[in-house]
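Read the figures in this text as sums done on the coordinates, not as results from a lab. Here the structure is a predicted model, which means the values were calculated and not measured. Cβ placement follows ideal geometry from the backbone for every residue including glycine, while neighbour counts extend to all protein chains displayed.
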Amino acid sequence: MKTKSLKKNALYGFIRSFMNIAFPIITFPYASRVLMPENIGKVNFANSIVDYFLMLAALGISTYATREATKLKNDKPKLNQFVREIIALTLFSTLISATLLFTGIFFISRLSEYRLLIILIGTKLLFNTMDFGWLFVAEEDQKYITLRSILFQIISLIALFTFVHSPKDYIIYAIIGVFSSVGSNIYNLIYTRKYVNIFEKTEIHPIHHLKGILVFFGNNFAIKLYSMIDTTMVGLIIGNAAVGYYTAANKVSSMVSSLIKSSLATLMPRGTSYFDSNKQEEFKNLIKKSAGATSFFAFPAALGLTILSKPVIIIFCGENYLPAQGSMQIMSLLIILYAINSMVNNLIIVPLHKEKILLTSQIAACITDIIFNAILIPTKGVWGASLATFIAQCVMFSIRLAYVSKWFFKKEIILPIIQVAFITLLMSLCVYFVYNFLEMREISLVITTLLSIIVGVIAYTFFSLLFRNKTAFQILQILKGKVL
């Protein structure tokens, strides 16, 4: 079978991730201003509740299935059998999860206010078995994943501007989110015919996958709990408006993080293939190049957003969300940890079959997050929730680096990261002085922000080329058309 272009896949991953940033940049400012913090908070709190059950239904299958399907993609009969086995497991876990959700919302009085929202959003569970994204990742079919994603983003965008016009339309806003997820899954079911025939009668033995899946489930459970617990605890302890502020703070940084993380995820099948085929040099080079590129984009994004947190909050969400500024500064710095963590996960830990490291570190981070949330949220509000997340992420990051030190702590990996950190510091000083200079002269907020970003890009490019950063020169070569 012809090997798909790694550069094209990375490009498609970048385009999809860019659209995942561009789409919220268009939709969230509109939705946040129309719905206001209270109703944005309601929708996101309801989403956080449903996400726990989506997590249970997912059962950690996606990452496990991606890795195993990568090994079988050249053996169609075995791949076909494997896909049917995964469908059987997903169907079983989905039925259990859906039953628990729709039973729970009628017996937990605290959720009565959100019952309709949870029921509407919970319909995503019923289509969980059609999420074959892992199959297309294993087949390295990033083109399809990207085009499908863009299609449903455009449909959702049109629906948002057509049907959401006042705070009372928050129910419609939630439905639009459901449509995007459900529509993508239905389309996935149709597209699977390119690779497998899920209706072909074959003997299946799904149970033997449980051991491998449950390790990933434990890790995914901790990941989801870690990512959702802040929203849930903020909603329960403070209220809907606070959830709205926390959502605003988290939205911008998470968009940038997803851009980097999604691009790295496209490399996981290739990393697995190199390691399983004992191509050690190719595996090491993939890690080295990815570490350089990851830090090259993550560091300036994190520091830039931290400095420009106030204008970004106002432009992106409106002045009603200014209480989220301090929280956003902390969440912006997390971009660096998220990016390097994602690189370590996708290119070292998963290909090396060290899932237990993921589980151990994620559980430690989750416990840390819950403890510090309980301490900090009652007194520090959404800022405390963000600080708790930062502390927990540091704990997880430290544990994982300790386990992968053999692969990560090498001169050719560490020195470029240090170089990028220094270049980013120089860029940040330029952005800080330009922003404050323009702000003191009361120039338009949008113009001040744009000029600060432009100065930051120019300064970062200049210092990167001055210090001969390898990633910068590779990008320059690509732009010149010298790298095919």
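Using a simple spin-label model with pseudo-atoms 7 Å out from Cα toward Cβ, Ser405 and Ala364 lie 1.2 nm apart.
Which distance in Å, rounded to a whole number, links the C-alpha centroids of region 339-370 and region 193-233? Here the answer is 17 Å between Cα centres.
In this structure, Thr103 and Ile315 have a Cβ-Cβ separation that, at R0 = 51 Å, corresponds to a calculated FRET efficiency of about 0.75. Backbone phi angles across region 322-339, fed through the Karplus curve with coefficients 6.51, -1.76 and 1.60 (θ = phi - 60°), yield HN-Hα couplings of 4, x, 8, 4, x, 5, 5, 4, 5, 5, 5, 5, 5, 3, 5, 5, 4, 5 Hz in residue order; Gly and Pro are listed as x.
Which shape class, rounded, prolate or oblate, goes with region 327-373 when its Cα gyration tensor gives a ≥ b ≥ c as root eigenvalues, a/c under 1.5 marks rounded, and past that a/b bigger than b/c marks prolate?
Oblate, since a/c reaches 1.5 and b/c is not below a/b.
The overall shape of region 381-484 is oblate: from the C-alpha gyration tensor, with semi-axes ordered a ≥ b ≥ c, the ratio a/c is 1.5 or greater and a/b is no larger than b/c.
Across all Cα atoms of region 21-151, the radius of gyration (one decimal) and Dmax (whole number) stand at 17.9, 53 Å. With R₀ fixed at 25 Å, the C-beta to C-beta distance from Ile371 to Leu214 puts the FRET efficiency at about 0.45. Would you mind classifying region 102-198 by shape? Square roots of the alpha carbon gyration tensor eigenvalues, ordered a ≥ b ≥ c; an a/c under 1.5 is rounded, otherwise it is prolate if a/b is larger than b/c and oblate if not. It comes out oblate by the Cα gyration axes. Spin-label pair Phe199-Tyr432: with each label point 7 Å from Cα along the Cα-Cβ axis, the two points sit 6.3 nm from one another. Across the chain, the volume of the C-alpha convex hull divided among the residues equals 149 Å³ per residue. Any of Lys73/Lys194; Lys310/Lys470; Lys78/Lys194; Lys211/Lys284; Lys251/Lys470; Lys143/Lys194 with alpha carbons more than 21 Å apart? Name them for me. From the list (Lys73/Lys194; Lys310/Lys470; Lys78/Lys194; Lys211/Lys284; Lys251/Lys470; Lys143/Lys194), the Cα-Cα distance tops 21 Å for Lys310/Lys470; Lys211/Lys284; Lys251/Lys470.
Kirkwood Rh over alpha-carbon pairs of region 412-469, then Stokes-Einstein at 10 °C and 1.306 mPa s: what D in µm² s⁻¹, rounded to an integer?
Numbers: Rh = 12.1 Å.
Here the translational diffusion coefficient equals 131 µm²/s.
Across the alpha-carbon atoms of region 121-256, the computed radius of gyration and Dmax are 18.4, 53 angstrom.
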